[in-house]
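Contents: one structure, followed by commentary.
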Amino acid sequence: MKKIVLTGGGTAGHVTPNIALIDRLKEEGFEIYYIGSKTGIEKELIENLGIPYYGISSGKLRRYFSMKNLTDPFRVIKGCSEASKLMKQLKPDVVFSKGGFVSVPVVRAAGKAKIPTVSHESDMTPGLANKLSLRYATKVCCNFVETLEHVKGKGIHTGTPIRKELFTGTREAGLAYAGFDGKKPVILVVGGSTGAVRVNEAVREALPLLLPEYDVLHLCGKGKTDERVSMPGYVQKEYCDKEMKDVLAMADVVISRAGANAICELLALHKPNILIPLSAEASRGDQILNAASFEKQGFSKVLQESEATPEALAKTVAELYQNRQQYIDAMAASPSSDATETIVRLLVELSNQQ
């Protein structure tokens with residue numbers, strides 16, 4: 001039986017594409033293992049699927065000053081040693097990396113062991129982890145065509161794998177989960193698995209303007225609910241996993257960050273959306289590029305953080321909801337590809353070369 005190691009973590013966006021591949025990999029007869037961080041969100045998500053999970057030490061690759069920058073290099077070094085030992089123990093035929101800081105030691109260890117390795121880049125320009133891993137990667141699967149020029153001839157345009165279960169949700173189950181009666185349109189706010197402080201603040205400030213017309217389910221991120229904010233029609237949750245398919249089926253409008261995996265799921269589900277990308281001051285600007293691309297194609301409305309006043313957010317929601325069919329039609333007409341199938345076929349091909 002062929003063996004594959006999946007890796008990626010730090011946020012749910014670095015895990016869910018891996019999850020989308022698992023059923024097809026099983027159909028191809030792969031024995032699947034996962035290497036992630038010892039305490040990240042990926043640990044719970046993967047262990048819930050019954051996949052053998054191995055945690056390694058990892059340190060975040062920060063572009064800003066933090067005292068942890070003094071200690072995290074030592075965690076990365078330890079993680080490299082642990083990843084090398086796991087390569088010798090598991091002896092995979094191929095490795096697939098979705099990125100995130102924990103993936104760097106794994107891809108490096110696989111490359112040094114001459115194990116074929118496929119990385120996936122969701123954003124238009126490669127993230128730091130994938131940049132550091134590029135020399136060890138055999139191929140790089142890209143979500144955007146524009147990314148191919150950044151990956152030194154190793155790129156393949158595949159799109160992003162979408163979890164099949166997201167297409168099986170029902171509005172009724174979503175309403176039951178949120179406790180809504182379904183008499184009002186529903187706004188779903190998604191700040192990512194770790195939350196988005198500015199998005200959370202903007203939405204809460206706009207609630208007096210939104211709640212007369214809409215119910216709001218707010219996925220705030222771990223530890224970011226605010227029990228001081230309690231109003232009829234407003235429900236806060238940290239994060240949801242199994243319920244996400246129903247929550248998305250319920251939503252009439254989605255307010256989201258512009259992480260590539262999240263927006264590709266909204267595109268696949270044809271969900272009218274408002275994107276509030278992470279600012280250039282707090283990021284490398286990838287979300288701004290993602291959001292601009294989706295707005296240009298007619299898939300999304302974009303509101304920059306600096307523009308997200310309560311009045312502007314309420315006005316943008318109203319405009320999007322009024323013209324929602326226009327956005328649904330644009331998304332439905334967009335070219336689609338089976339990223340899962342393309343990536344799995346590549347992994348099968350590379351594993352057969354071992």
Completion exercise
Phi-derived 3J(HN,Hα) across the stretch 248-253 with the Karplus relation (6.51, -1.76, 1.60, θ = phi - 60°), rounded Hz, x for Gly and Pro, is 5, 4, 6, 5, 8, 9
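Per DSSP helix of 4 or more residues, -39500 (n - 2.57); summed, then divided by the residues of the chain. What does that give at 222 nm, rounded to the nearest 500? Could the numbers behind the result be given before it?
Details: 13 runs with 140 residues, N = 354.
Helices in the chain give a 222 nm mean residue ellipticity of -12000 deg cm²/dmol.
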Fill in the blank from the handout: Among V102, V190, V344, the residue with the largest mean-square fluctuation in a Gaussian network model of the chain built from Cα contacts under 10 Å is V344
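Please give the length that would be gained between Q354 and Q89 if that part of the chain were fully extended, namely 0.36 nm times their separation in residues minus their C-alpha to C-alpha distance (nm, one decimal).
93.7 nm
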Exercise for the section: Could you go through the stretch 224-240 in sequence order and give the Karplus-derived ³J(HN,Hα) for each residue, using 6.51 cos²θ - 1.76 cosθ + 1.60 with θ = phi - 60°, rounded to whole Hz, and x for Gly and Pro? Expected result: 10, 6, 10, 5, 6, 9, 9, 9, x, x, 10, 10, 10, 9, 5, 6, 9
Fill in the blank from the handout: When H157, H120 are ranked with the fewest other C-beta atoms within 10 Å first, the list becomes H157, H120
Handout entry: Percentage relative contact order, the stretch 217-330, counting C-alpha pairs under 8 Å, at least six apart
Key = 21 percent
Handout entry: C-alpha long axis of helix 72-90 to longest principal axis of the chain, angle in °
Key = 60 degrees
Problem - Rounded FRET efficiency, nearest 0.05, which uses the C-beta distance separating S81 from R198 and R0 of 41 Å - result: 0.60
Exercise for the section: Exposed loop chymotrypsin sites (Phe, Trp or Tyr not before Pro) only (DSSP loop, at most 16 other Cβ atoms within 10 Å): please give the longest stretch of the chain free of them, not including the sites. Expected result: 66-354
Completion exercise
Between K237 and L128, the FRET efficiency computed from the C-beta separation at R0 = 45 Å comes out, to the nearest 0.05, as 0.90
Exercise for the section: Take V197, V107, V254, V302 and order them by how many other Cβ atoms sit within 10 Å, fewest up front. Expected result: V197, V302, V254, V107
Fill in the blank from the handout: Of the listed links K237/K296; K237/K315; K139/K271; K38/K112; K78/K242; K2/K237, those spanning more than 29 angstrom between alpha carbons are K237/K296; K139/K271; K78/K242; K2/K237
Exercise for the section: Rounded to whole Hz and in sequence order, give me ³J(HN,Hα) for the stretch 115-127 from the Karplus expression 6.51 cos²θ - 1.76 cosθ + 1.60, θ = phi - 60°, writing x for Gly and Pro. Expected result: 8, x, 10, 10, 9, 10, 10, 7, 8, 5, 10, x, x
Practice task
Using label points projected 7 Å from each Cα along Cα→Cβ, tell me how many nm separate A333 and K164, to one decimal.
Solution key: 3.1 nm
Practice task
With a bin width of 10 angstrom, please list the P(r) values of the stretch 165-332 as percents of all Cα-Cα pairs, from the 0 bin to the one holding the largest distance.
Solution key: 11, 43, 39, 7, 0
Problem - Folded to 0 to 90 degrees: helix 16-27 orientation relative to the chain principal axis, Cα - result: 60 degrees
Problem - Length-normalised contact order for the stretch 113-185 - Cα pairs under 8 Å, 6+ apart - percent - result: 24 percent
Handout entry: Amide H contacts under 5 Å for H157, placed H, 5+ residues apart
Key = C142
Practice task
Please list the non-local residues whose amide H lies under 5 Å from the amide H of V302, H modeled 1.01 Å from N, same-chain partners needing a gap of 5 or more.
Solution key: L275
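Taken together, the values in this text are just the output of simple stated rules run on the coordinates, not laboratory data. Bear in mind that the values here come from a model prediction, so they are computed numbers and not experimental data. Reconstructed Cβ throughout: ideal geometry from the backbone, glycine too, with neighbour counts over all protein chains shown.
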